[in-house]
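Participant: Once you've had a glance at the structure underneath, I'll fire off some questions.
The values are calculated or read from the model by the stated rules, or taken from the named source; none is laboratory data. Note that the structure is a prediction, hence the values are computed from the model and not measured. Note: ideal-geometry Cβ built from the backbone for every residue, glycine included; neighbour counts use all protein chains shown.
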Amino acid sequence: LAKTTQPISMDSYEGQEVNITCSHNNIATNDYITWYQQFPSQGPRFIIQGYKTKVTNEVASLFIPADRKSSTLSLPRVSLSDTAVYYCLGTNAGKSTFGDGTTLTVKP
Amino acid sequence: EAGVVQSPRYKIIEKKQPVAFWCNPISGHNTLYWYRQNLGQGPELLIRYENEEAVDDSQLPKDRFSAERLKGVDSTLKIQPAELGDSAVYLCASSLDWTSSTHNEQFFGPGTRLTVL
């Protein structure tokens, strides 16, 4: 499974777009890229998943370039409630490896 | 639809005591996971079940940890005896099927916070 590297923390302000980039240089051909969000005292929650190019859902967008060595989670117009830890992970055949995530703090 | 249910939510025990955690996955989910999450770190997989079969337990400390999923539905994770370093949050997750096209979107329970004194 891909070893992922993310920034430890990021700060933003309400209403801004936030982009969190994850590096996964050794991603395997069959790995998908999955992002989870975790609030304090809760389990992680699935946000979005993709293999290549761009995926968008009602919550976020995921950009994966052609070489797939990195990916970017984009959160449009964040609010205070988006303050959480965000995990990027490689997923293959039922197995995922979580890193230590990026703590996003949204300020008023 | 009910999510993943875990109990208890909190547990405080003294070292060398046994402890057990229970998990009931989302109905119809064949795959069940147990994770351990230390403070400030991401979840670490302990064991993964496909129905009642443990298909990945490589990270489970088998000298003191055990798990079972007898009927392929709910599951129990046990620690005996507990050590100070076992203090963590124990998360249970389930997914529909790891072979599905969604590549196992996992649904997590709220976790059990274990404190070993």
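Participant: Within the stretch A:97-108, how many residues are more than 7 Å from every other protein chain (Cβ to nearest Cβ) and within 22 Å of B:Ser94 (Cβ to Cβ)?
Facilitator: Result for the stretch A:97-108: 1.
Participant: Another one. Quick check: anything in the stretch A:38-50 modelled with pLDDT under 90, within 26 Å of B:Ile47 (Cα to Cα) and surrounded by fewer than 17 Cβ atoms within 10 Å (Cβ to Cβ)?
Facilitator: No: the stretch A:38-50 contains no residue that is modelled with pLDDT under 90, within 26 Å of B:Ile47 (Cα to Cα) and surrounded by fewer than 17 Cβ atoms within 10 Å (Cβ to Cβ).
Participant: Return the residue satisfying two criteria in turn: it lies in the stretch A:17-30 and is crowded, with 22+ Cβ neighbours inside 10 Å and within 14 Å of chain B (Cβ to nearest Cβ), and of such residues it is nearest to A:Asp100 (Cα to Cα).
Facilitator: My answer is A:Cys22.
Participant: Now, a different point. Restricting attention to the stretch B:99-117, and to residues there that are modelled with pLDDT of 95 or more and buried (at least 20 other Cβ atoms within 10 Å of the Cβ), which single residue is farthest from the other protein chains (Cβ to nearest Cβ)?
Facilitator: The residue in question is B:Val116.
Participant: Is there any pair with a first residue in the stretch B:47-70 that is buried (at least 16 other Cβ atoms within 10 Å of the Cβ) and a second that is polar (S, T, N, Q) and in a strand (DSSP E or B) whose Cβ atoms are under 7 Å apart and which are 6 or more apart or on different chains, and what are they?
Facilitator: B:Arg48/B:Thr31; B:Tyr49/B:Thr31; B:Tyr49/B:Ser75; B:Glu50/B:Thr31; B:Ala67/B:Ser75; B:Ala67/B:Thr76; B:Arg69/B:Ser75
Participant: Can you pull out every residue in the stretch A:31-76 that is more than 11 Å from chain B (Cβ to nearest Cβ) and hydroxyl-bearing (Ser, Thr, Tyr)?
Facilitator: A:Thr53, A:Thr56, A:Ser61, A:Ser70, A:Ser71, A:Thr72, A:Ser74, listed by residue number.
Participant: Just one of (1) in contact (Cβ under 8 Å) with a residue 24 or more places away in the chain; (2) surrounded by 14 or more Cβ atoms within 10 Å (Cβ to Cβ); (3) out of contact with any strand residue (DSSP E or B) (no Cβ under 7 Å at 6 or more places or on another chain) trips up B:Ser27, so point out which.
Facilitator: Of (1) in contact (Cβ under 8 Å) with a residue 24 or more places away in the chain; (2) surrounded by 14 or more Cβ atoms within 10 Å (Cβ to Cβ); (3) out of contact with any strand residue (DSSP E or B) (no Cβ under 7 Å at 6 or more places or on another chain), only one is false for B:Ser27: (2).
Participant: Is one or more of the residues making up the stretch B:79-95 modelled with pLDDT under 95 and of a type in the set (D, E, K, R)?
Facilitator: Scanning the stretch B:79-95, I find no residue that is modelled with pLDDT under 95 and of a type in the set (D, E, K, R), so the answer is no.
Participant: Quick one: is A:Phe46 without any contact (Cβ under 8 Å) to a residue 12 or more places away in the chain and in a strand (DSSP E or B)?
Facilitator: Considered against the rule, which asks whether it is without any contact (Cβ under 8 Å) to a residue 12 or more places away in the chain and in a strand (DSSP E or B), A:Phe46 comes out as no.
Participant: If a residue must be more than 11 Å from the chain's Cα centre (by Cα), over 18 Å from B:Asp86 (Cα atoms) and either within 14 Å of chain A (Cβ to nearest Cβ) or in a strand (DSSP E or B) (or both), how many such residues does the stretch B:6-33 contain?
Facilitator: Looking only at that region, the number is 4.
Participant: Which of the residues belonging to the stretch A:81-108 are within 13 Å of A:Thr4 (Cβ to Cβ), surrounded by 16 or more Cβ atoms within 10 Å (Cβ to Cβ) and under 12 Å from the mean Cα position of the chain (by Cα)?
Facilitator: Hits for the stretch A:81-108 are A:Tyr86, A:Tyr87, A:Cys88, A:Leu89, A:Gly90, A:Phe98, A:Gly99, A:Gly101, A:Thr102.
Participant: All but one of (1) surrounded by fewer than 17 Cβ atoms within 10 Å (Cβ to Cβ); (2) part of a loop (DSSP other than H, G, I, E, B) hold for A:Val78; which doesn't?
Facilitator: (1)
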